[in-house]
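The values are calculated or read from the model by the stated rules, or taken from the named source; none is laboratory data. For clarity, every value in this text was computed on a predicted model and none was experimentally measured. No Cβ is skipped: glycine too gets one built from the backbone with ideal geometry, and neighbour counts run over all protein chains shown.
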Amino acid sequence: MDKMKCMDKIPQGVFLVGTKMGNNYNFMTAAFVTQISFNPCSVGVSIANAHYTSELIKAEGYFSLMVLAEDQGLEAKKCGYLSGRKADKAKGMNYYLAEHNLPVIPNTTTTMICKVKKTIIYEDHTFFIAEIESGEYSEEEPMIYDSNIFFPSK
Ligand SMILES: Cc1cc2nc3c(=O)[nH]c(=O)nc-3n(C[C@H](O)[C@H](O)[C@H](O)COP(=O)(O)O)c2cc1C
């Protein structure tokens, strides 16, 4: 049984997680994102322990979360294979700074500013549970994650 292929069948969107460290900004593509509670409105994001984004969220306690629109595949690819430790992924991207100076790109389906409430380290990932402090949405259709597009050789 290919357990990774089984996990792939769980429908997911494609998201960008925006973080900052001082005046440096980073974006990371994520698919492991879920709703957690209504009161308060909270989300969970699972990020590999080794990723720069994990380090930045732990240090700052905040992140921005963008639900990418169907036509934002380029942004997903730009931020999904390279670590912010090795390259400035924000460079050349169209973004602005929202609350807490968190970087946000325009034309997404939804953008949320999230405050971390609980951090759970589980094996190779850290699950950040965060309350949505503010957010805005549009009528754009969200992108659906397809591993054949993002990881064709797996
Ligand atoms: C479509 C897609 C979805 C991804 N989903 C996740 C995810 O949910 N969690 C994760 O830790 N990495 C995920 N990744 C991998 C990270 O985006 C990638 O390793 C990135 O380079 C880490 O960047 P950072 O070191 O700047 O944080 C995904 C990549 C792609 C292309």
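Of the residues making up the range 106-123, those that are crowded, with 18+ Cβ neighbours inside 10 Å and within 22 Å of ALA59 (Cβ to Cβ) are THR111, MET112, ILE113, CYS114. In the range 144-154, the condition of being of a type in the set (Phe, Trp, Tyr) and modelled with pLDDT under 95 is met by at least one residue. Just so you know, in the range 15-56 the residues that are of a type in the set (Val, Ile, Thr) and within 11 Å of the ligand (Cβ to nearest atom) include one that is farthest from GLY80 (Cα to Cα), and it is THR34. Within the range 25-48, residues that are free of Cβ contacts under 8 Å to residues at least 24 places away in the same chain reach partners that are aliphatic (A, V, I, L, M) and more than 11 Å from the ligand (Cβ to nearest atom) with beta carbons closer than 7 Å, at six or more positions or on different chains, in the pairs THR34/VAL43; GLN35/VAL43.
For the condition in a loop (DSSP other than H, G, I, E, B), more than 8 Å from the ligand (Cβ to nearest atom) and of a type outside the set (Val, Ile, Thr), what is the one hit in MET7, MET93, MET66? Result: MET93 is the single residue among MET7, MET93, MET66 that is in a loop (DSSP other than H, G, I, E, B), more than 8 Å from the ligand (Cβ to nearest atom) and of a type outside the set (Val, Ile, Thr).
Considering only the range 96-130, how many residues are within 11 Å of the ligand (Cβ to nearest atom) and not charged (D, E, K, R)? Result for the range 96-130: 4.
Need the failing condition index for GLY61 against (1) within 11 Å of the ligand (Cβ to nearest atom); (2) of a type in the set (Gly, Ala, Ser); (3) within 23 Å of ASP124 (Cβ to Cβ), just the number. With respect to (1) within 11 Å of the ligand (Cβ to nearest atom); (2) of a type in the set (Gly, Ala, Ser); (3) within 23 Å of ASP124 (Cβ to Cβ), GLY61 is out only on (1). Among the residues of the range 72-84, at least one is in contact with a His (Cβ under 9 Å, 6 or more places away or on another chain) and surrounded by 12 or more Cβ atoms within 10 Å (Cβ to Cβ). With respect to the conditions (1) part of a strand (DSSP E or B); (2) loosely packed, with under 14 Cβ neighbours inside 10 Å, GLU131 falls short on a single one, namely (2).
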